[in-house]
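Quick note: the coordinates plus some simple rules give every number you see, no bench work behind them. Being a predicted model, the structure only gives us computed values, none of them experimental. FYI the Cβ positions are ideal-geometry reconstructions off the backbone, even for glycines, and counts take in every protein chain you see.
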Amino acid sequence: MTGGDIEVEVDGRSVAVPEGVPLLTAVRVAGVELPALCSDDRLSPAGSCRTCLVRADGAVVAACVTPAVSGMRIEAAADYLWHLRRDTVELIAGALPPRALTAENPGELAELCRSLGIGPDAAQAGGGRGVDHSHPYVHLDRDLCIACGRCVRMCAEVQGTFALTLTGRGADTVVAPGNGGPWAQSDCVSCGGCVDTCPTGALTEAGRGRGLTSGHRRAATRTTCGYCGVGCALDVVTSDGEVTAVLPARDGPVNQGHACVKGRFAHGYLTSPERLAQPLLRRDGRLEPVPWEEAIGQVARGLRAAVTGGGADCVAAISSARATNEENYLVQKFMRTVVGTNNIDNCSRLCHSPSAAGLTASLGLSGGTDSFDDVEQSDCLLVVGANPVEAHPVVGARLLRRVLHGGAGLIVADPRAVGLALHADAHLRPRPGTNVALFHGLAHILLAEGLADEDFLRERATGLPELTALLEDYPPDRVSAITGVPAEDLVAAARLYGRAERPAIVYGLGVTEHLHGTDGVRSLANLAILRGAVGTDRGYGINPLRGQNNVQGASDMGALPDLLPGYGKVTDPGARSRAEAVWGGRVPDRPGLRIPDMFAAARAGELRALWIIGEDVCATDPDSDRVAEALRACPLVVCNELFLSETARHCDVVLPATSWLEKDGTFVNFDRRFQRVRPAVPAPGETRSDFDIVRAVAAAMGTDLGCPTPAHALSECGRVAPMFAGLSHERLDREGAVPWPCPHPGHPGESKLYAERFATPDGLAHLTTAPYLPPGEQPDADFPLLLVTGRRWAHYNSGSMTRRGGNLALDPVDHLDLHPDDAARYAVRNGARLIVESRHGRARLIARVGEQTSPGQVFSSFHFPASGVNRLTSDHADTVTSCPEYKVTAVRIEVDPRG
């Protein structure tokens, strides 16, 4: 027994269980299996089906809702109890039509009936309650519903959407969308949790019949989701080389048996007829299919000619946050050792490069400070510039669960009324571009009201006198004037965060994608440092939510112009010599070009070759008309892609690549966990992995990159970067997930950073004194509205994968969200077609009128390249990292005269 355990007796056997657990748990610990049709380990007990009956201290009770008490005597295996349970199950089955119990239905109830000797003839109901097949992924057969409530509780307790309810009375009770209409028009966000938990087959995945047995799950391929940076573990079920279902892993380190619509259902792109199947080469202005040998030869000759004609620095590559760690490692090694340049970057430049710069300057390392498991235990969550309910749904659901059921306080700082804001104790809505002032205002109150940790600041931080002097200029009234946040709300939020015992900060792109994004990250980190909430047991630090699946790993692997694998600087002789010893060649000592600089160099005629791996830069990069101009100006543009994207249409060579469901390797998620990626289906057509493509190009240029497999590449990376030395495919296959730093195979990995010292040169946390500076653009009479861009729940990035499947039915177009006051001012009705103009370009969007945005502000995603949203965004960028200012663009709107 351990502390808190009690002893109970089950069928004469003594077992130890935690005090207060349901008897169902105790009985299972004793090795007795009970039916429990209304029970799911992820949900609160309901006790509605009465199929788990036992006798406890003389009374027959439902085991799932009866708590264990020390010394309790429980009967579970007695024959009379077996018959009671069988009768109960038979009664439930009798209210269903015969198809509920046929061999074609592998659902929990049907399997239970077979184990109890209850045949299909026990099901006597005629049916007739109808179906709802309106949703592209979830189908409802009302005749099979037993009103157990598991789906309703899953939606409420795990997902936090509250989209489902039970309607009707008595035998007519059935699950239904809470809106009373068709499922497709409800608040359902298509996480699939209701399908997973349904015991009868009333809820099924469209096109998947009656569901999957536990045997299907055992035969599935375990991999890591290739959409956002949460890192959900998924079990991929296949048949004849095609994906038939994707199931969230119950033991997934982050998702714990949950998923979102993208990871769970958005795999239709795999078999899209638009999928590239063979290389394309531009001839006479047209892209034509060619053999791989010819395409690779053309790339190799073009790169060699560019180096010969203008030097190694005339070549650049954009690696991919969608690719594996091993592929990113190989790309940067290729550029540095084969081409001879540091002109390598990845899309973290466009999203979280200010996180890397800001966190490194303040604390010493570029990743979040704590594991999400710890963050979830916080008693106060400060969520800033992030909409995890839509952009990181599994994280959003876990945070919401902590607030609703764990009692954590919640502060949301975001200009929009995003999902979590509806449940916040304090919702701060700063004007876009005023983050630094907001954070200084909160810090001012922490110091003024004695809410800072003086011991921590004295022993483990530096810069307090300078920060104190700066903060004199940021009292609540002045901060309110800058940000638009009422002073009383600012004070309330600061007190909630400052008085918490274990506060945590979670932030997103609303902090980083600004002209002063790095200052924003550092000013936000000030709050965690002031509270002593970093590297201690008094809080859970500051943690960025990463956008793409491997944006953390792409940077970890050194796909950056100034940093080698493990963040060694290219200007550091020690870091270069360590890499050179492993690679057997010289590493350039001058930082290379960042992505915006690559495009500028191409437009200036200074860049002769650009290799783009898995990024649709013409759709996702800012000021996209200028990006397209750069690609047209560059003599050789190569891309690895799944589809003929807008970027691919501008290329000279297009190489068809495999997707994450067809790859072998690893990803690093937002809280620094390495996890395995495994191929679930064979590569289609002539597609190749980015890993194999890079090796082939190197070989065509006369170089053997080594690393014959992804496993070898990760092992080699550990020799270049000591913080990864303890990681290997073999270890991850055994353990599932390991965070970095992990310096040797026996090290567990550091889920919590800075417990002993910070990774800065002096070992101290550094408070920043960056003053507030205005954003790059301001509204004026010509462009009176401020546009913020971001993501929607049903799509991902440029939409190249999610638009090729059922997600398109859930969210078919890019909308422009605007406040009713602005709609009235500009005579815009809901659903109207709009022309949106900025100082940089024009887009066409559909109006959606609501109060999620504030007056004077509009919002759009960029999931549909045809809408042209990123033609609007400016070339203003973070002054430290060149991260674009996606969050502040001045625009004007008019109703499209074309209707």
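Equivalent ellipsoid of the chain: semi-axes from √(5λ) of the C-alpha gyration tensor, largest first, are 45, 33, 30 Å. Let a ≥ b ≥ c be the square roots of the eigenvalues of the Cα gyration tensor of the stretch 5-77; is it rounded (a/c under 1.5), or, if not, prolate (a/b larger than b/c) or oblate? The shape class here is prolate.
Note on Gln185 and Asp172: their simple-model spin labels are 2.2 nm apart, each label 7 Å out from Cα toward Cβ.
For Lys569, the lysines whose Cα falls under 23 Å of its own Cα, not counting residues fewer than eight places away in the same chain, are Lys333.
With the gyration tensor restricted to C-alpha atoms of the stretch 41-164, the semi-axes of the equivalent ellipsoid amount to 29, 22, 10 Å, longest first. Quick one: helix 292-310 against the long Cα principal axis of the chain, what's the angle to the nearest 10°, folded into 0 to 90? It is inclined by approximately 40 degrees. For the stretch 134-198 versus the stretch 825-851, the spacing of their alpha-carbon centroids is 35 Å. With the helix formula -39500 (n - 2.57) applied to DSSP H stretches of n ≥ 4, the chain reaches a computed 222 nm mean residue ellipticity of -8000 deg cm²/dmol. For a paramagnetic label modelled on Ala492 (point 7 Å from Cα along Cα→Cβ), amide N atoms under 13 Å away belong, within the stretch 428-463, to 428-429. Summary value for the stretch 785-895: 37 percent relative contact order, contacts being C-alpha pairs under 8 angstrom separated by 6+ residues.
Diffusion coefficient (Stokes-Einstein, Kirkwood radius over C-alpha pairs, 37 °C, 0.692 mPa s) for the stretch 241-373: 171 µm²/s, rounded to a whole number. Please name whichever of Pro465, Leu447, Leu382 sits farthest to the positive end of the charge dipole of the stretch 353-544, dipole taken about the Cα centre and charges placed at Cβ: Lys and Arg +1, Asp and Glu -1. Result: Leu382.
Label reach from Val21 (point 7 Å along Cα→C-beta): in the stretch 39-69, amide nitrogens under 11 Å belong to 68.
Each of Glu851 and Asp733 was given a label point 7 Å from its Cα along the Cα-to-Cβ line. The distance between the two points is 5.7 nm.
If you plug the beta carbon distance of Glu33 and Ala755 into 1/(1 + (r/R0)^6) with R0 = 51 Å, you get a FRET efficiency near 0.75. Applying 0.36 nm per residue to the separation of Arg829 and His83 and subtracting their alpha-carbon distance, the gain on full extension is 262.2 nm.
If R0 is 25 Å, the Cβ-Cβ spacing of Arg458 and Asp251 corresponds to a FRET efficiency of close to 0.05. Per-residue Cβ neighbour counts within 10 Å put Tyr507, Tyr826 in the sequence Tyr826, Tyr507, beginning with the fewest.
Once C-alpha pairs closer than 8 Å and six or more residues apart are averaged by separation and normalised to the residue number of the chain, the relative contact order reads 13 percent.
Taking Lys and Arg as +1 and Asp and Glu as -1, the other residues whose beta-carbon sits under 12 Å from that of Thr879 total -3.
Cβ crowding within 10 Å, taken as a proxy for footprinting-reagent exposure, orders Thr769, Thr271 from fewest neighbours to most as Thr271, Thr769. If a/c stays under 1.5 just call it rounded; otherwise compare a/b with b/c (prolate if a/b is bigger, oblate if not). Do that for the stretch 785-895, with a ≥ b ≥ c from the square roots of the Cα gyration tensor eigenvalues. Because a/c hits 1.5 or more and a/b fails to exceed b/c, the stretch 785-895 counts as oblate. Against the chain, whose longest principal axis is taken from its Cα atoms, helix 690-700 shows a tilt of about 40°. Binning at 5 angstrom from zero up to the longest distance, how are the C-alpha pair distances of the stretch 510-599 distributed in percent? Pair shares across the bins are 3, 12, 14, 16, 19, 15, 12, 7, 3, 0. Taking the fewest neighbouring Cβ atoms within 10 Å as the starting point, the ordered list for Cys651, Cys260 is Cys651, Cys260.
Helix 353-362 and the longest principal axis of the C-alpha atoms of the chain enclose an angle of approximately 90°. Both the radius of gyration and Dmax for the stretch 97-271 are 16.2, 49 Å, in that order, over alpha-carbon atoms. Assign one of three labels to the stretch 353-544, namely rounded, prolate or oblate, based on the Cα gyration tensor with a ≥ b ≥ c the square roots of its eigenvalues; rounded applies when a/c is under 1.5, prolate when it is not and a/b is larger than b/c, and oblate otherwise. It comes out rounded by the Cα gyration axes. Spin-label model, Ala219/Glu274: points 7 Å from Cα along the beta carbon direction are separated by 3.3 nm. Of the GluC sites (Glu not before Pro) in the stretch 1-100, the ones in a loop by DSSP (not H, G, I, E or B) with at most 16 other beta carbons within 10 Å are Glu19, Glu33. Straight-line reach from Lys752: taking Cα to Cα under 13 Å and skipping same-chain neighbours fewer than 8 places apart, the aspartates and glutamates in range are Asp370, Asp373, Asp374, Asp537, Asp671.
For Gly406, the shell of other residues with beta-carbons less than 14 Å away shows a net charge of -3, using +1 for Lys and Arg and -1 for Asp and Glu. How much length, in nm to one decimal, is gained on full extension between Lys569 and Leu773, taken as 0.36 nm per residue of separation minus their Cα-Cα distance? Length gained between Lys569 and Leu773: 70.6 nm.
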